[in-house]
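Have a look at the structure below before the remarks.
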Amino acid sequence: MDLRHLRYFQAVAEELSFSRASRRLYIAQPALSRAVQELEHELGIRLIERDRRTVALTPAGTVLLHETALLLERFEESIRRVRRTALGEEGELRLGYIGPPTQRFLGRLLHDFRHRYPNVSVHLEERTPERVWEMVAKGRLSVALTRPLPGQGGRALETLLLRNEPLGIVVPKHHRLMQEEAVTWEMLAQESLIVLARREGVGLHDEILAACRAAGFTPKIAYSPSLMGTVLSYVEAGAGVGIATDSVAASSMPSALRFLPVTPEKTVPLVLVWNPEDDSPTVQAFRGLVSEWLSGGKLWQTMSD
């Protein structure tokens, strides 16, 4: 038995006429009659009572007609789902991300993605950059928005640069550095600095230390909390000067604080990362949307809204 036999039987059963069913299917009537007989022979039961004038379903034929309709409908929906999956229109996207750098645009980006691909199930996981890279490499995340890591080239993952984010300082409104026309790294030599812990962002942490060393001093780090929100709280409490990227200033920084750029400019990248060995259609669809946002300037217009 194959689907052809069932489709032929369904046409005859619905039309209750071999001639009308043959015209509907665009096949010769003898071939249609033979297919129904083969189906009956395989099942070992009579499905259709026919003579020269009438065609009628047996009780078994009535049941098979109902079940055939359900089976063929389910089969056709399965084919549609397979095709949608192949096009990235259905499936699952497990997206990893780091918090503050993505806060201003991630929600809108995902809203756009879900609007275009409503049948794709999106699962979000906020993790540290190190953890994100590990999970993408192991296939536990489909794609991620994160920072590059030292030595990540050995992981055979692909990246797309989203933005080089400038580093700056976060200070209270009344801080003395607010009076400076331009803040340099050398001016931070005597300040107590508050920097995100290295375990939470090795690339960011190391770039800050490198900038300080290039300016000729070893930074005095007062606190290294695990959350950027805690960095801001320390600054607001007067415990020191925070160092962060401008994306922090563009997100939920308290109104009592100000972000100041520092010269010479130092940046840390934000990238999209995925595993080319697991480049599913849903990942390709998401990557295409991100590329579209980048080329149109939409990604970083969102940052300034």
Can you tell me which residue within region 118-172, out of those that are in contact with a Gly (Cβ under 7 Å, 6 or more places away or on another chain), within 16 Å of residue 92 (Cα to Cα) and free of Cβ contacts under 8 Å to residues at least 60 places away in the same chain, is surrounded by the fewest Cβ atoms within 10 Å (Cβ to Cβ)? 125
Here's a check for you: in region 238-279, which residue that is in a helix (DSSP H, G or I) and hydrophobic (A, V, I, L, M, F, W, C) is surrounded by the most Cβ atoms within 10 Å (Cβ to Cβ)? 248
Can you find even one residue in region 19-35 that is out of contact with any Gly (no Cβ under 7 Å at 6 or more places or on another chain), on the phi < 0 side of the Ramachandran plot, part of a loop (DSSP other than H, G, I, E, B) and among the charged types (D, E, K, R)? no
Taking residue 109, is it within 16 Å of residue 284 (Cα to Cα), in a helix (DSSP H, G or I) and assigned by TED's automatic domain parsing to the domain that holds residue 142? yes
Cβ-Cβ below 8 Å, separation at least six or inter-chain, first residue in region 232-250 and assigned by TED's automatic domain parsing to the domain that holds residue 260 and farther than 14 Å from residue 196 by Cα, second among the small types (Gly, Ala, Ser) and in a loop (DSSP other than H, G, I, E, B): which pairs? 236/256
Answer residue from region 41-55, given it is surrounded by fewer than 14 Cβ atoms within 10 Å (Cβ to Cβ) and among the β-branched types (Val, Ile, Thr) and is modelled with the highest pLDDT among those: 45
Subset of region 77-106 that is of a type in the set (Asp, Glu) and not in a strand (DSSP E or B) - its residue that is modelled with the highest pLDDT: 77
For region 206-237: of the residues being out of contact with any helix residue (DSSP H, G or I) (no Cβ under 7 Å at 6 or more places or on another chain), assigned to a strand (DSSP E or B) and of a type outside the set (D, E, K, R), which is farthest from residue 188 (Cα to Cα)? 222
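Could you look through region 150-205, keep only residues that are among the small types (Gly, Ala, Ser), in the same structural domain as residue 261 (by TED's automatic domain parsing) and not in a strand (DSSP E or B), and pick out the one that is modelled with the highest pLDDT?
189
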What about residue 139, is it at positive phi and either not small (Gly, Ala, Ser) or not in a helix (DSSP H, G or I) (or both)? yes
Say whether the condition of being surrounded by fewer than 16 Cβ atoms within 10 Å (Cβ to Cβ) and not in a helix (DSSP H, G or I) is met by at least one residue in region 56-71. yes
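The values are calculated or read from the model by the stated rules, or taken from the named source; none is laboratory data. Bear in mind the structure is a predicted one, so any value in this text is a computation, not a measurement. Neighbour counts are summed over all protein chains in view; Cβ atoms, including those assigned to glycine, are modelled from backbone coordinates with ideal geometry.
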